[in-house]
Amino acid sequence: MLAVIIPTLNAQAYLPLVLPDLNDVRLVISDGGSGDETLSQAVEAGAVIARGLAGRGAQMARGAELAGTVETVSAYLFLHADCKLEPGWQAIVETALQSPETAWFFRFRPNATGKGVRWLRFIVWLRGWAWRLPYGDQGLLIPREMYEALGGYDSDKPLFEDVDIIDRIKSKYGRRALRKLPSALNTDISDHLRQGVWTRGWRNYKLLKAYRRGEHAADLVRRYT
């Protein structure tokens, strides 16, 4: 069985887009303290709720822990709330999971067009192709055994938890253990558009460099928000 884990925090505007795609899976919403209709939407969709402190690393880890209480769960799919899956994604995922010790990510498809958006798509493609470094908005599909061998998401990382687990996948299994699925995640990029695609992209690059230098997580989160 596939378990889908989605971290949320006041995600009521996004969940109605992704939840209808998630039938016939064990769905876990890992919430960080929502005060809107997020939890009622999740419960109505048949999700189980993992509640706790906000922070992507902690929420991902907490969600996987709850999903793993069902012994028949054999793989995890981690998604952000502001995405929508393409038709036929389940068959593609089932095929992908036949490859042992392999983790997968989706193609990035933003919900906007324009010159800046084309640049963003190119950078995301380059990052995945050249450095095998997909971010969390491309999802992460990973066999349970592989996830547990890595120690899962780091609960102490409120930011760049996605980079951390990708780094550990490459370190333990090699670059070829990360592969792109022949399917896309349609992703909301309203934050990019509001702040400016170039401005936000440059800011994220500088934050990644700061993370690589070992700057304190609290300082990075402050600059991110």
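No value in this document is a laboratory result; all are computed from the given coordinates. All figures in this text were calculated on a predicted structure; none of them were measured in a lab. A quick note on method: Cβ atoms are made from the backbone with ideal geometry, for glycine too, and the neighbour counts reach across all protein chains shown.
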Quote to one decimal, in nm, the extra length available between Asp36 and Arg176 on full extension: 0.36 nm per residue of separation minus the C-alpha distance between them. 46.3 nm
Per its Cα gyration tensor (rounded if a/c is under 1.5, else prolate when a/b beats b/c, else oblate), the range 1-116 is best filed as oblate
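Which length gain, in nm to one decimal place, applies between Ala218 and Ala13 when the Cα-Cα distance is subtracted from 0.36 nm times their residue separation?
Contour length minus the Cα-Cα distance gives 71.1 nm.
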For the chain, what ratio Rg/Rh do Cα atoms give with a Kirkwood hydrodynamic radius? 0.93
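If R0 is 22 Å, what FRET efficiency do you get for Asn111 and Arg194 from their C-beta distance, rounded to 0.05?
0.95
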Neighbour cut-off at most 14 other Cβ (10 Å), DSSP loop, chymotrypsin sites (Phe, Trp or Tyr not before Pro), the range 107-152: Trp131
Let me spell out the model: positive unit charges on the Cβ of Lys and Arg, negative unit charges on the Cβ of Asp and Glu, origin at the Cα centre of the chain. What dipole size does that give, in debye rounded to 20? 1420 debye
Loop GluC sites (Glu not before Pro), the range 65-95, which have at most 11 other Cβ atoms in a 10 Å radius of their Cβ (DSSP): Glu71
The range 38-56 residues near the modelled Val70 label - backbone nitrogen below 17 Å, point 7 Å along Cα→Cβ: 42-51
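For the range 48-136, what mean projected area does the convex hull of the alpha carbons give, in nm²?
One quarter of the hull surface, i.e. the mean projection, equals 7.8 nm².
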Could you please state, rounded to a whole Å, how far the C-alpha centre of the range 78-144 is from the C-alpha centre of the range 1-73? 19 Å
Stretchable slack from Ser99 to Arg121, in nm (0.36 nm times residue separation minus alpha-carbon distance): 5.2 nm
Between Tyr205 and Glu86, how high is the FRET efficiency from 1/(1 + (r/R0)^6) when r is the Cβ-Cβ distance and R₀ = 25 Å? Nearest 0.05. 0.30
